[in-house]
Structure formats: structure tokens, C-alpha cells
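Comments concern the structure below.
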Amino acid sequence: MTDKIPVTVLTGYLGAGKTTLLNRILTEPHGKRYAVIVNEFGEIGIDNELVVGADEEVFEMNNGCICCTVRGDLIRILDGLMKRKGKFDAIIVETTGLADPAPVAQTFFMDQDVSDAARLDAVVTVADAKWLSDRLKDAPEAKNQIAFADVIILNKIDLVTADELAEVEARIRAINPYARLHRTQNCSLPIAEVLDRNAFDLDRIIEIEPDFLEEGHHHHHDEEMQSISVKLDGEVDPEKFMPWISNLTQVEGPNILRCKGIVAFPDEPKRFVFQGVHMILDGDVQGDWKPGEKRSSRVVFIGRDLNEKAIKEGFLATAA
């Protein structure tokens with residue numbers, strides 16, 4: 001896991017502030033070099049002086065970042081970038097405002113060469129505090145972008161009242177109770193809150209929200225989206241768990257937007273951590289269980305039309 005290049009997928013509905021955020025990442029003196037893949041260079045408004053040397057698809061920025069335009073296929077561009085490995089520290093993929101982030105996120109699991117070299121670090125969604133509630137009613141993509149997120153930047157909070165802000169946050173939490181939520185104006189937040197999150201690691205969520213794993217924690221639900229969290233005090237049997245999670249994602253995949261979990265296997269000193277997008281799963285052992293730490297197992301699913309009872313029973317039945 002450690003030598004894989006981290007990839008941040010930046011998403012959000014039209015006009016929410018993705019370009020503002022991207023410009024900040026590309027201009028701030030953070031000392032890191034990013035390869036940035038954008039949908040259309042023309043839309044982006046990256047100031048011209050940022051672009052130093054340019055060939056057809058790859059632009060070098062003045063702070064050492066590389067920018068690619070997605071005229072070709074994402075996989076082809078990633079393969080090209082991998083040949084330049086060492087020239088950058090991480091990759092940022094900006095999706096079009098109308099996009100469902102799933103296909104982009106899936107690329108990092110599906111293509112063997114890409115998944116060998118890169119790992120999905122986090123899906124970051126920029127949301128417009130003023131217009132998000134309307135978009136959630138009329139644009140399914142906006143809802144998917146929120147459901148998919150590991151980090152949500154609720155931008156333009158200066159344009160709404162305190163009550164409106166509370167209401168839009170409740171809508172977000174009803175769809176996705178687990179993402180880290182930041183309130184911003186002009187996407188102004190420390191870059192470390194966006195990049196290199198290792199959102200693959202559920203521990204980070206538990207630090208932020210200790211009651212995340214408690215039953216009955218989700219006090220509001222979106223009428224359409226569900227979030228299901230199941231905890232097992234103890235270890236799971238890999239001979240039962242692996243077929244169960246694999247089968248569940250194959251059968252329910254279209255309805256599962258995101259899933260992630262940390263589980264304990266008997267006689268394994270490290271935690272098994274997995275995450276998935278629809279039917280595609282990626283998992284690895286990472287990070288030792290600390291001495292004296294309770295070896296518990298937990299899984300989280302966000303999706304639509306999921307059978308909560310069956311998922312809970314199925315997971316609990318994998319206990320070692």
C-alpha cells in the first residue's frame with residue numbers, strides 16, 4: 001500500500017467551487033508536486049502563467065505540478081503518468097460537475113496496472129451551501145456525489161443564513177453520516193484536509209466521530225439513501241467473510257455506492273482494511289492492532305434499496 005501513489009478524486013456539482021479549490025492546490029507553496037487530471041483544460045481557468053511547458057496533454061505548472069486534460073481515456077493517461085513516476089507525489093482527478101464519481105473511482109480498482117501503482121486516497125466533494133438543497137431534489141448526480149464522499153467541503157456558507165446552513169447540513173448527513181464535513185468560503189481550508197487523507201482508514205472517522213460505530217447513531221435518513229453500519233466485537237473468519245463480502249457486492253453492487261470496513265482475522269497481527277465502489281472491492285492488511293486494543297470488526301455500506309437486516313445478519317454470521 002505504502003509505495004502506491006495516492007489519488008484524490010475531486011467532484012461536486014457545477015459552480016460549487018471545484019476550480020477554486022483546484023487553483024488553490026496548484027498555487028499554494030505546499031512543497032508537493034501533483035499530477036492533475038482535468039476534464040477539459042479550457043473550462044478550468046487555471047491562470048496561464050501557471051502553465052510552464054506544455055505538450056498535447058500534459059502541462060507543467062510553475063510549482064512543479066503536472067496537469068493533464070482528459071481528452072483521452074483516464075487509464076491511458078494514468079499509464080502515461082506512471083512512466084513519469086518520481087516527478088510527482090500524488091494525483092488529483094477533477095471530474096465534470098455532472099459526473100457520478102463512481103466510474104472514476106472504479107478505475108483505480110479495475111485496471112490492474114493502475115491499481116498496482118495507485119490507490120484511491122479519498123473522494124472529495126465540493127457542495128454549494130446555497131443551492132445544494134435544490135440540486136438534491138432535481139439532480140441525482142448531486143446526491144451520488146455527496147454519498148460517495150470521504151470529505152465534503154460545504155462552500156459559500158457566507159451566502160446562507162445559520163438556519164439554512166443547519167438545514168443543508170442535515171440533508172448531507174442524512175445521505176452520508178460518515179464523511180468529514182468542512183464549512184468554507186472560497187474553499188478556504190488547509191490543503192491537508194483535502195489531500196493525503198488516507199480515507200481508506202476508518203480509524204480517522206472514529207477519531208472524528210467516536211459514536212460512529214454505535215447502533216442507533218443515525219438519527220436522520222434520506223428518503224432514498226441508506227447508510228448501514230455493523231460492528232462485531234471480535235474477529236471474523238476469513239473463510240466466511242471473504243465469500244460473504246464478495247457475494248454481497250456482486251449481487252447488490254448496483255445499489256452499493258460505497259462500502260468500507262476494518263476487520264480482524266484470527267492470528268493476523270494487522271487489520272484487514274477494505275473499501276469498494278459498487279461491485280469492485282479492494283482490500284489489504286495494513287496497520288498493526290495495538291497491544292491491548294480490542295480486536296473488533298466493522299463494516300459500513302452507503303447505498304439505495306439495501307436489505308439492512310440481511311446485511312447485518314450476514315456479517316455477524318462471519319464471526320470466527
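The values are calculated or read from the model by the stated rules, or taken from the named source; none is laboratory data. Note that this is a predicted model, so its numbers are computed, not measured. No Cβ is skipped: glycine too gets one built from the backbone with ideal geometry, and neighbour counts run over all protein chains shown. The accessibility values were calculated without ligands, DNA or RNA, using every heavy atom of the protein model including side chains. Shrake-Rupley method; radii C 1.70, N 1.55, O 1.52, S 1.80 Å.
Structure above, values below:
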{"item": "Options Met279, Met242: the member that is surrounded by 14 or more Cβ atoms within 10 Å (Cβ to Cβ) and either at pLDDT below 90 or on the phi > 0 side of the Ramachandran plot (or both)", "result": "Met279"}
{"item": "Check on Val285, without any contact (Cβ under 8 Å) to a residue 60 or more places away in the chain and either closer than 19 Å to Val104 by Cα or within 23 Å of the chain's Cα centre (by Cα) (or both)", "result": "yes"}
{"item": "Every pair of residues 6+ apart whose Cβ atoms lie under 8 Å, when the first sits in segment 101-123 and is over 25 Å from Leu181 (Cβ atoms) and open to solvent by 40 Å² or more (accessible area, probe 1.4 Å) while the second is assigned to a strand (DSSP E or B) and at pLDDT 75 or above", "result": "Met110/Ile280"}
{"item": "Selection count, segment 240-277, where residues are touching a residue at least 60 places away in the same chain (Cβ under 8 Å) and closer than 17 Å to Leu120 by Cβ", "result": "8"}
{"item": "Any chance Leu316 is in contact (Cβ under 8 Å) with a residue 24 or more places away in the chain, over 20 Å from the mean Cα position of the chain (by Cα) and farther than 19 Å from Phe148 by Cα", "result": "yes"}
{"item": "Asp305 outside any loop (DSSP other than H, G, I, E, B) and surrounded by fewer than 20 Cβ atoms within 10 Å (Cβ to Cβ)", "result": "no"}
{"item": "Neighbours by Cβ (under 9 Å, 6+ apart or cross-chain): first from segment 155-176, of a type in the set (Gly, Ala, Ser); second modelled with pLDDT under 95 and not in a helix (DSSP H, G or I)", "result": "Ala170/His220; Ala174/His218; Ala174/His220; Ala174/His221; Ala174/Asp222; Ala174/Glu223; Ala174/Met225; Ala174/Ser227"}
{"item": "Of all residues in segment 147-171 being at pLDDT 90 or above and touching a strand residue (DSSP E or B) at 6+ places or on another chain (Cβ under 6 Å), the one that is most open to solvent (accessible area, probe 1.4 Å)", "result": "Lys156"}
{"item": "All positions within segment 14-26 that are more than 22 Å from Phe108 (Cβ to Cβ) and either modelled with pLDDT of 80 or more or crowded, with 17+ Cβ neighbours inside 10 Å (or both)", "result": "Ala16, Gly17, Thr19, Thr20, Asn23, Arg24"}
